[in-house]
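Below is one structure, written out as C-alpha coordinates; the observations come after it.
The values are calculated or read from the model by the stated rules, or taken from the named source; none is laboratory data. Quick caveat: nothing in here was measured; it's all calculated off a predicted structure. Every residue, glycine among them, receives a Cβ derived from its backbone with ideal geometry; neighbour counts consider all protein chains shown.
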Amino acid sequence: TQKARLYSGMQPSADSLQIGNYIGALLQWRDMQDTYDAFFSVVDLHALTQPNDPAELREKTRRTAAQYIAAGIEPSRSTLYVQSHVRAHAELAWILSTITGFGEAGRMTQFKDKSQRYGADATSVGLFTYPVLMAADILLYQTHVVPVGDDQKQHVELTRDLAERFNARYGETFRVPEPVIQAETARIYDLQNPSAKMSKSAESHAGVLWLLDDVDVTAKKIMRAVTDNDGVVAYDREGKPGVSNLLTIYAALTGRQIPSIEDEYAGRGYGDFKKGLRDVVVAEFEPVRARALELLDDPAELDRVLAVNAEKAAAVADETLSTVYDRVGL
Ligand code: ADP
Ligand code: NA
(Lines give C-alpha, C1' and ligand atoms only; values in the text may rest on other atoms or scores of the structure.)
(Ligands and ions follow the chains in the order given, each with its own letter.)
Protein backbone atom coordinates (compact mmCIF):
# COMPACT_ATOMS: atom_id res chain seq x y z
CA THR A 1 0.00 0.00 0.00
CA GLN A 2 1.01 3.57 -0.75
CA LYS A 3 2.17 5.66 2.21
CA ALA A 4 0.25 8.82 2.99
CA ARG A 5 2.00 11.99 1.95
CA LEU A 6 3.35 14.54 4.42
CA TYR A 7 4.52 18.08 3.71
CA SER A 8 6.28 20.54 6.00
CA GLY A 9 8.87 23.28 5.77
CA MET A 10 10.76 26.01 7.55
CA GLN A 11 11.98 29.42 6.54
CA PRO A 12 15.73 29.95 6.20
CA SER A 13 15.40 33.03 8.39
CA ALA A 14 18.63 32.66 10.41
CA ASP A 15 22.12 31.12 10.16
CA SER A 16 21.09 28.46 12.63
CA LEU A 17 17.88 26.79 13.71
CA GLN A 18 16.96 27.05 17.37
CA ILE A 19 16.07 24.31 19.83
CA GLY A 20 12.32 24.96 19.37
CA ASN A 21 12.63 24.17 15.65
CA TYR A 22 14.61 21.07 16.60
CA ILE A 23 12.16 19.73 19.22
CA GLY A 24 8.95 21.10 17.72
CA ALA A 25 9.68 20.23 14.10
CA LEU A 26 12.85 18.33 13.17
CA LEU A 27 12.62 15.52 15.76
CA GLN A 28 8.99 14.93 14.84
CA TRP A 29 9.72 15.04 11.11
CA ARG A 30 12.55 12.58 11.61
CA ASP A 31 10.22 10.11 13.30
CA MET A 32 7.48 10.58 10.70
CA GLN A 33 9.75 9.62 7.80
CA ASP A 34 9.00 5.91 8.23
CA THR A 35 5.25 6.27 8.30
CA TYR A 36 4.85 8.85 5.55
CA ASP A 37 6.06 9.69 2.09
CA ALA A 38 7.52 12.92 3.40
CA PHE A 39 8.37 16.17 1.61
CA PHE A 40 10.41 18.70 3.60
CA SER A 41 11.30 22.01 2.07
CA VAL A 42 13.39 25.01 2.95
CA VAL A 43 10.94 27.76 2.06
CA ASP A 44 13.22 30.46 0.69
CA LEU A 45 10.45 32.15 -1.33
CA HIS A 46 8.63 32.72 1.95
CA ALA A 47 11.80 34.18 3.45
CA LEU A 48 11.71 36.97 0.84
CA THR A 49 8.80 38.50 2.78
CA GLN A 50 11.45 39.82 5.16
CA PRO A 51 14.40 42.00 4.15
CA ASN A 52 17.32 39.81 3.07
CA ASP A 53 20.81 40.20 1.72
CA PRO A 54 20.89 37.91 -1.37
CA ALA A 55 24.20 36.18 -0.58
CA GLU A 56 23.14 35.71 3.03
CA LEU A 57 19.78 34.26 2.05
CA ARG A 58 21.47 31.72 -0.22
CA GLU A 59 23.79 30.74 2.62
CA LYS A 60 20.98 30.51 5.19
CA THR A 61 19.06 28.27 2.82
CA ARG A 62 22.01 25.91 2.50
CA ARG A 63 22.60 25.96 6.26
CA THR A 64 18.96 25.19 7.00
CA ALA A 65 19.04 22.21 4.62
CA ALA A 66 22.27 20.97 6.25
CA GLN A 67 20.60 21.13 9.66
CA TYR A 68 17.61 19.12 8.42
CA ILE A 69 20.00 16.39 7.29
CA ALA A 70 22.16 16.60 10.41
CA ALA A 71 19.04 16.18 12.57
CA GLY A 72 18.20 12.94 10.79
CA ILE A 73 16.08 13.85 7.77
CA GLU A 74 17.43 11.46 5.16
CA PRO A 75 17.45 12.92 1.65
CA SER A 76 17.50 9.42 0.19
CA ARG A 77 14.28 8.51 1.99
CA SER A 78 12.39 11.79 2.28
CA THR A 79 12.24 14.48 -0.38
CA LEU A 80 14.29 17.33 1.08
CA TYR A 81 14.48 20.29 -1.26
CA VAL A 82 14.59 24.06 -1.61
CA GLN A 83 11.23 25.62 -2.46
CA SER A 84 12.52 28.02 -5.15
CA HIS A 85 14.14 25.12 -7.02
CA VAL A 86 10.65 23.92 -7.91
CA ARG A 87 9.04 26.60 -10.08
CA ALA A 88 5.55 25.20 -9.63
CA HIS A 89 5.26 26.75 -6.13
CA ALA A 90 5.21 30.32 -7.40
CA GLU A 91 3.01 29.44 -10.37
CA LEU A 92 0.35 27.67 -8.32
CA ALA A 93 0.42 30.45 -5.74
CA TRP A 94 -0.59 32.92 -8.45
CA ILE A 95 -3.50 30.79 -9.56
CA LEU A 96 -4.67 30.21 -5.98
CA SER A 97 -4.43 33.94 -5.29
CA THR A 98 -7.15 34.44 -7.90
CA ILE A 99 -9.60 32.34 -5.89
CA THR A 100 -8.61 33.78 -2.49
CA GLY A 101 -10.82 36.51 -1.08
CA PHE A 102 -9.14 39.76 -0.13
CA GLY A 103 -11.10 39.79 3.11
CA GLU A 104 -10.34 36.14 3.72
CA ALA A 105 -6.60 36.77 3.44
CA GLY A 106 -6.98 39.88 5.60
CA ARG A 107 -8.31 37.75 8.45
CA MET A 108 -5.03 35.86 8.85
CA THR A 109 -3.80 36.69 12.35
CA GLN A 110 -0.14 36.16 11.49
CA PHE A 111 -0.42 38.83 8.78
CA LYS A 112 -2.17 41.19 11.17
CA ASP A 113 0.57 40.68 13.81
CA LYS A 114 3.50 40.98 11.42
CA SER A 115 2.15 43.92 9.42
CA GLN A 116 1.49 45.77 12.65
CA ARG A 117 5.07 45.16 13.74
CA TYR A 118 6.58 46.15 10.37
CA GLY A 119 4.33 49.17 9.71
CA ALA A 120 2.40 49.83 6.48
CA ASP A 121 5.39 50.93 4.42
CA ALA A 122 7.50 47.89 5.29
CA THR A 123 4.61 45.47 4.77
CA SER A 124 4.70 43.93 1.30
CA VAL A 125 1.93 42.41 -0.76
CA GLY A 126 4.06 39.24 -0.54
CA LEU A 127 3.59 39.17 3.22
CA PHE A 128 -0.15 39.45 2.63
CA THR A 129 -0.21 36.54 0.16
CA TYR A 130 2.24 34.43 2.19
CA PRO A 131 -0.53 31.98 3.24
CA VAL A 132 -1.52 31.52 -0.41
CA LEU A 133 2.03 30.46 -1.24
CA MET A 134 1.89 28.10 1.72
CA ALA A 135 -1.33 26.65 0.36
CA ALA A 136 0.41 26.08 -2.98
CA ASP A 137 3.32 24.35 -1.20
CA ILE A 138 0.95 21.90 0.42
CA LEU A 139 -1.53 21.31 -2.41
CA LEU A 140 1.09 20.68 -5.12
CA TYR A 141 2.03 17.39 -3.46
CA GLN A 142 -1.51 16.05 -2.92
CA THR A 143 -0.60 16.13 0.77
CA HIS A 144 -2.53 14.14 3.38
CA VAL A 145 -0.95 15.63 6.51
CA VAL A 146 0.79 18.86 7.43
CA PRO A 147 2.59 18.92 10.81
CA VAL A 148 2.60 22.53 12.06
CA GLY A 149 2.74 24.63 15.19
CA ASP A 150 -0.62 25.99 16.30
CA ASP A 151 0.32 29.46 14.97
CA GLN A 152 0.09 27.94 11.46
CA LYS A 153 -3.24 26.21 11.98
CA GLN A 154 -5.21 29.07 10.43
CA HIS A 155 -3.06 28.87 7.29
CA VAL A 156 -3.79 25.17 6.93
CA GLU A 157 -7.50 25.93 7.34
CA LEU A 158 -7.20 28.44 4.51
CA THR A 159 -5.39 25.81 2.44
CA ARG A 160 -8.29 23.42 2.98
CA ASP A 161 -10.82 26.09 2.02
CA LEU A 162 -8.91 26.90 -1.17
CA ALA A 163 -8.63 23.23 -2.11
CA GLU A 164 -12.36 22.70 -1.61
CA ARG A 165 -13.23 25.88 -3.49
CA PHE A 166 -10.99 25.01 -6.43
CA ASN A 167 -12.34 21.46 -6.58
CA ALA A 168 -15.93 22.72 -6.50
CA ARG A 169 -15.31 25.34 -9.17
CA TYR A 170 -13.05 23.44 -11.57
CA GLY A 171 -13.46 19.77 -10.75
CA GLU A 172 -11.71 17.42 -8.34
CA THR A 173 -8.01 18.42 -8.44
CA PHE A 174 -6.53 18.71 -4.95
CA ARG A 175 -6.51 16.44 -1.94
CA VAL A 176 -7.81 18.36 1.11
CA PRO A 177 -5.00 18.12 3.71
CA GLU A 178 -5.27 17.62 7.47
CA PRO A 179 -3.19 19.65 9.92
CA VAL A 180 -1.29 17.73 12.61
CA ILE A 181 -0.90 20.27 15.40
CA GLN A 182 2.26 19.99 17.43
CA ALA A 183 1.73 18.90 21.06
CA GLU A 184 1.87 21.64 23.67
CA THR A 185 4.73 19.66 25.27
CA ALA A 186 6.81 20.30 22.14
CA ARG A 187 6.52 24.09 22.51
CA ILE A 188 9.70 25.77 23.72
CA TYR A 189 9.90 29.26 25.20
CA ASP A 190 12.66 31.84 25.31
CA LEU A 191 15.11 31.13 28.15
CA GLN A 192 15.22 34.80 29.15
CA ASN A 193 11.54 35.50 28.57
CA PRO A 194 9.66 32.25 29.18
CA SER A 195 6.28 33.72 28.30
CA ALA A 196 7.42 34.20 24.66
CA LYS A 197 7.89 31.35 22.18
CA MET A 198 11.55 30.83 21.34
CA SER A 199 12.07 32.02 17.77
CA LYS A 200 14.85 32.44 15.26
CA SER A 201 13.46 35.87 14.57
CA ALA A 202 13.52 36.96 18.24
CA GLU A 203 14.96 40.44 18.72
CA SER A 204 17.31 39.40 21.50
CA HIS A 205 19.33 36.20 21.13
CA ALA A 206 20.21 35.95 24.83
CA GLY A 207 17.49 33.38 25.48
CA VAL A 208 17.72 31.45 22.19
CA LEU A 209 19.58 28.13 22.00
CA TRP A 210 21.02 27.79 18.51
CA LEU A 211 21.73 24.36 17.09
CA LEU A 212 24.98 25.57 15.53
CA ASP A 213 26.27 27.62 18.46
CA ASP A 214 29.50 26.69 20.12
CA VAL A 215 28.67 24.30 22.98
CA ASP A 216 30.22 26.69 25.54
CA VAL A 217 27.78 29.39 24.49
CA THR A 218 24.86 26.97 24.74
CA ALA A 219 26.02 25.83 28.19
CA LYS A 220 26.24 29.42 29.44
CA LYS A 221 22.78 30.29 28.15
CA ILE A 222 21.29 27.32 29.99
CA MET A 223 23.08 28.18 33.24
CA ARG A 224 21.74 31.76 32.93
CA ALA A 225 18.16 30.78 32.09
CA VAL A 226 15.50 32.66 34.02
CA THR A 227 13.87 30.59 36.81
CA ASP A 228 12.15 31.80 40.01
CA ASN A 229 12.84 32.09 43.73
CA ASP A 230 11.26 28.99 45.21
CA GLY A 231 14.04 26.57 44.32
CA VAL A 232 11.76 23.62 43.54
CA VAL A 233 12.16 21.73 40.28
CA ALA A 234 8.47 21.32 39.45
CA TYR A 235 6.34 21.74 36.36
CA ASP A 236 3.81 24.57 36.61
CA ARG A 237 3.41 26.35 33.30
CA GLU A 238 1.55 29.33 34.79
CA GLY A 239 3.35 29.79 38.08
CA LYS A 240 6.86 28.61 37.11
CA PRO A 241 7.23 29.22 33.36
CA GLY A 242 11.05 29.26 33.35
CA VAL A 243 11.54 25.97 35.21
CA SER A 244 8.65 24.38 33.29
CA ASN A 245 10.30 25.28 30.00
CA LEU A 246 13.60 23.74 31.10
CA LEU A 247 11.74 20.59 32.16
CA THR A 248 10.03 20.46 28.76
CA ILE A 249 13.39 20.60 26.98
CA TYR A 250 14.85 17.98 29.31
CA ALA A 251 11.93 15.61 28.76
CA ALA A 252 11.83 16.12 24.98
CA LEU A 253 15.52 15.36 24.53
CA THR A 254 15.71 12.38 26.89
CA GLY A 255 12.31 10.84 26.16
CA ARG A 256 11.69 10.82 29.93
CA GLN A 257 8.47 11.80 31.67
CA ILE A 258 8.51 15.12 33.53
CA PRO A 259 7.58 13.59 36.95
CA SER A 260 10.61 11.31 36.80
CA ILE A 261 12.87 14.32 36.18
CA GLU A 262 11.19 16.21 39.04
CA ASP A 263 11.89 13.22 41.32
CA GLU A 264 15.52 13.06 40.28
CA TYR A 265 16.05 16.71 41.23
CA ALA A 266 13.82 16.77 44.34
CA GLY A 267 15.59 18.56 47.20
CA ARG A 268 18.39 19.76 44.90
CA GLY A 269 18.79 23.32 43.65
CA TYR A 270 18.32 24.86 40.23
CA GLY A 271 22.11 24.85 39.77
CA ASP A 272 22.21 21.05 39.73
CA PHE A 273 19.15 20.85 37.52
CA LYS A 274 20.62 23.29 35.01
CA LYS A 275 23.90 21.39 34.93
CA GLY A 276 21.95 18.22 34.21
CA LEU A 277 20.05 19.93 31.41
CA ARG A 278 23.22 21.48 30.06
CA ASP A 279 24.78 18.02 29.73
CA VAL A 280 21.66 16.68 27.99
CA VAL A 281 21.51 19.55 25.47
CA VAL A 282 25.22 19.57 24.76
CA ALA A 283 25.26 15.80 24.19
CA GLU A 284 22.31 16.14 21.82
CA PHE A 285 23.61 19.14 19.89
CA GLU A 286 27.27 18.16 19.55
CA PRO A 287 26.87 15.45 16.89
CA VAL A 288 24.16 17.41 15.06
CA ARG A 289 26.35 20.48 14.91
CA ALA A 290 29.40 18.47 13.82
CA ARG A 291 27.44 16.77 11.06
CA ALA A 292 25.93 20.05 9.84
CA LEU A 293 29.34 21.72 9.70
CA GLU A 294 30.75 18.72 7.84
CA LEU A 295 27.96 18.98 5.26
CA LEU A 296 28.56 22.71 4.91
CA ASP A 297 32.23 22.01 4.29
CA ASP A 298 31.29 20.38 1.01
CA PRO A 299 28.76 22.76 -0.56
CA ALA A 300 29.04 21.12 -3.99
CA GLU A 301 27.90 17.77 -2.59
CA LEU A 302 25.11 19.38 -0.58
CA ASP A 303 23.94 21.26 -3.68
CA ARG A 304 23.99 18.02 -5.65
CA VAL A 305 21.78 16.28 -3.08
CA LEU A 306 19.38 19.24 -3.08
CA ALA A 307 19.24 19.26 -6.88
CA VAL A 308 18.39 15.55 -7.02
CA ASN A 309 15.65 16.08 -4.45
CA ALA A 310 14.30 19.15 -6.24
CA GLU A 311 13.91 17.00 -9.32
CA LYS A 312 11.97 14.39 -7.33
CA ALA A 313 9.73 17.14 -5.94
CA ALA A 314 9.24 18.81 -9.32
CA ALA A 315 8.08 15.56 -10.88
CA VAL A 316 5.16 15.43 -8.44
CA ALA A 317 4.48 19.18 -8.40
CA ASP A 318 4.50 19.56 -12.19
CA GLU A 319 1.89 16.88 -12.56
CA THR A 320 -0.48 18.72 -10.23
CA LEU A 321 0.30 22.05 -11.86
CA SER A 322 -0.40 20.84 -15.38
CA THR A 323 -3.77 19.50 -14.26
CA VAL A 324 -4.49 22.90 -12.69
CA TYR A 325 -3.53 24.76 -15.89
CA ASP A 326 -5.78 22.48 -17.85
CA ARG A 327 -8.72 22.89 -15.45
CA VAL A 328 -8.61 26.69 -15.35
CA GLY A 329 -8.23 27.09 -19.13
CA LEU A 330 -4.54 27.95 -19.52
P1 ADP B 1 10.87 30.54 14.09
O2 ADP B 1 9.86 31.20 14.97
O3 ADP B 1 12.03 29.99 14.84
O4 ADP B 1 11.26 31.41 12.91
P5 ADP B 1 9.25 29.07 12.25
O6 ADP B 1 8.07 29.96 12.39
O7 ADP B 1 10.07 29.18 11.00
O8 ADP B 1 10.18 29.25 13.51
O9 ADP B 1 8.78 27.58 12.46
C10 ADP B 1 9.43 26.47 11.91
C11 ADP B 1 8.97 25.23 12.62
O12 ADP B 1 9.53 25.17 13.93
C13 ADP B 1 7.46 25.11 12.80
O14 ADP B 1 7.09 23.75 12.62
C15 ADP B 1 7.25 25.55 14.22
O16 ADP B 1 6.10 24.99 14.79
C17 ADP B 1 8.49 25.06 14.91
N18 ADP B 1 8.85 25.93 16.03
C19 ADP B 1 9.32 27.19 15.93
N20 ADP B 1 9.56 27.71 17.13
C21 ADP B 1 9.20 26.76 18.02
C22 ADP B 1 9.20 26.70 19.45
N23 ADP B 1 9.62 27.72 20.18
N24 ADP B 1 8.78 25.57 20.05
C25 ADP B 1 8.36 24.54 19.30
N26 ADP B 1 8.33 24.51 17.96
C27 ADP B 1 8.75 25.62 17.32
NA1 NA C 1 9.77 32.96 11.95
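So, in the range 4-13, of the ones that are surrounded by fewer than 23 Cβ atoms within 10 Å (Cβ to Cβ) and of a type in the set (A, V, I, L, M), which residue ends up nearest to ligand 1 (Cβ to nearest atom)? Here the residue is MET10. No other residue among ALA135, ALA186 is more than 16 Å from ligand 1 (Cβ to nearest atom), of a type outside the set (D, E, K, R) and under 17 Å from the mean Cα position of the chain (by Cα) apart from ALA135. How about the range 38-54: which of its residues are at pLDDT below 95 and over 17 Å from THR129 (Cβ atoms)? Result: PRO51, ASN52.
Taken over the range 305-327, the criterion of being in contact (Cβ under 8 Å) with a residue 24 or more places away in the chain, surrounded by fewer than 16 Cβ atoms within 10 Å (Cβ to Cβ) and over 14 Å from ALA136 (Cβ atoms) is satisfied by ALA307, VAL308.
Looking at the range 223-246, which of the residues that are among the aliphatic types (A, V, I, L, M) and surrounded by fewer than 21 Cβ atoms within 10 Å (Cβ to Cβ) is farthest from ARG268 (Cα to Cα)? Let's see the steps before the verdict.
Of the range 223-246, the ones among the aliphatic types (A, V, I, L, M) are 223, 225-226, 232-234, 243, 246.
Going one step further and asking which of them are surrounded by fewer than 21 Cβ atoms within 10 Å (Cβ to Cβ), we end up with 223, 226, 232, 234.
Details: MET223: 15, VAL226: 17, VAL232: 8, ALA234: 11 Å.
In this case the residue turns out to be VAL226.
The residue that is surrounded by the fewest Cβ atoms within 10 Å (Cβ to Cβ), among those in the range 14-25 that are away from ligand 2 (no atom under 14 Å from the Cβ) and among the hydrophobic types (A, V, I, L, M, F, W, C), is ILE23.
With the condition being within 23 Å of VAL280 (Cβ to Cβ), I'd like the helices (runs of 4 or more DSSP H) fully within the range 1-85 carrying at least 3 qualifying residues. Don't jump to the end; show me each part of the working.
On the way: elements: 27-32, 44-47, 54-70.
Those helices (runs of 4 or more DSSP H) span 27-32, 54-70.
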